[in-house]
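Visitor: Once you've had a glance at the structure underneath, I'll fire off some questions.
Read the figures in this text as sums done on the coordinates, not as results from a lab. This structure is a prediction, so every number in the text was calculated from the model and none was measured. Here Cβ is always computed from backbone atoms with ideal geometry, including for glycine, and neighbour counts include all displayed protein chains.
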Amino acid sequence: MDEDDTVVLAAGCVLWRRSPVAGDLEICLVHRPKYDDWSHPKGKLKRGEDALAGALREVAEETGYAAEPGSELPTLCYPANGRPKEVRYWAARAISGHFTPNHEVDRILWLSPAAARDRLTQPRDRDLVDAFLRPSGHLRRA
């Protein structure tokens with residue numbers, strides 16, 4: 001396998017919380033100005049990094065929130081920049097934090113699952129919302 005065939009390993013989360021106003025379920029999406037897209041927080045793993053640890057690190061870096069991991073969600077595999085990419089995902093409940101815009105992510109939104117599904121740029125990311133909403137898809141409906 002040459003370098004162009006090496007799988008890019010990444011991890012992320014469907015980050016969720018209960019609305020501070022109404023208590024409704026909300027999902028966090030990040031806007032990446034480099035791609036002008038809306039997605040779940042995710043990123044490449046560091047060499048030798050555990051996937052779940054990497055997912056939680058990426059959530060913290062991109063959203064400013066510490067998160068409690070729940071169930072593992074489906075892994076997405078797709079080509080990115082001519083190389084295969086594999087992204088492992090978990091449901092994760094936002095525990096604490098505050099968003100500060102940065103060079104990677106300039107905005108976040110907390111949306112209802114239906115609104116999040118509609119806002120996501122990539123159809124494959126919508127499948128993660130569907131998996132998250134299944135009864136086994138996230139940390140017990142706290």
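Visitor: For an R0 of 35 angstrom, estimate the FRET efficiency from the Cβ-Cβ distance between ARG57 and ASP24 and round to the nearest 0.05.
Guide: Numbers: r = 28 Å, r/R0 = 0.80.
Step by step, r from the Cβ atoms, then E = 0.80.
Visitor: Let me ask you something else. Tabulate in residue order the Karplus-calculated ³J(HN,Hα) for region 32-49, using 6.51 cos²θ - 1.76 cosθ + 1.60 with θ = phi - 60°, rounded to whole Hz; enter x for Gly and Pro.
Guide: 9, x, 4, 10, 6, 10, 10, 8, 7, x, 6, x, 5, 7, 6, 3, x, 6
Visitor: Still on this model: So the label point goes 7 Å from the Cα of ARG47 along Cα→C-beta, right? Which residues of region 10-30 then have their backbone N under 17 Å from it?
Guide: Once the point is set 7 Å along Cα→Cβ of ARG47, 10 turn out to lie under 17 Å by backbone N, inside region 10-30.
Visitor: Further question on the same structure: Can you tell me the dipole magnitude for the chain around its Cα centre, using point charges on the Cβ only (Lys, Arg +1; Asp, Glu -1), in Debye to the nearest 20? Present the calculation step by step, with values, prior to reporting the outcome.
Guide: Details: 21 positive and 22 negative charges, 100 e Å.
With only Lys, Arg, Asp and Glu charged at Cβ, the dipole is about 480 debye.
Visitor: Sort CYS28, CYS77, CYS13 so the one with the fewest other Cβ atoms within 10 Å of its own Cβ comes first. List each step's numbers first, then the result.
Guide: Values: CYS28 24, CYS77 11, CYS13 30.
Going from sparsest to densest Cβ surroundings: CYS77, CYS28, CYS13.
Visitor: Here's a follow-up. Which residue, chosen from VAL8, VAL129, PRO113, occupies the Cα position most advanced towards the positive end of the dipole of region 3-133, where the dipole is computed from +1 (Lys, Arg) and -1 (Asp, Glu) charges on Cβ about the Cα centre?
Guide: Result: PRO113.
Visitor: Run the helix sum for the chain: -39,500 (n - 2.57) per DSSP H stretch of 4+ residues, divided by residue count, reported at 222 nm to the nearest 500 deg cm²/dmol. Let's see the in-between values first.
Guide: Numbers: 3 runs with 31 residues, N = 142.
Only helices count here, giving -6500 deg cm²/dmol.
Visitor: May I ask you to derive the relative contact order of the chain, considering only C-alpha pairs under 8 Å and at least 6 residues apart, and to give it as an integer percent? Each step should come with its number before you reach the end.
Guide: Details: 303 pairs, mean separation 44.0, N = 142.
Relative contact order, the chain: 31 percent.
Visitor: Would you kindly derive the ³J(HN,Hα) couplings of region 66-75 from the backbone phi angles with the Karplus curve 6.51 cos²θ - 1.76 cosθ + 1.60 (θ = phi - 60°), listing them in order in whole Hz, with x for Gly and Pro?
Guide: 7, 9, 9, x, x, 5, 6, 9, x, 8
Visitor: Using each residue's phi in region 113-127, evaluate 6.51 cos²θ - 1.76 cosθ + 1.60 at θ = phi - 60° and report the 3J(HN,Hα) Karplus result to the nearest Hz, with x for Gly and Pro.
Guide: Karplus values, whole Hz, x for Gly and Pro: x, 5, 5, 5, 4, 5, 7, 4, 6, 8, x, 4, 5, 5, 4.
Visitor: When every alpha-carbon pair in region 21-142 is counted, what percent end up more than 24 Å apart?
Guide: 20 percent
Visitor: Next up: Taking 7 Å along the Cα-to-C-beta vector as the label spot, tell me the LEU133-ARG83 distance in nanometres, rounded to one decimal.
Guide: 3.5 nm
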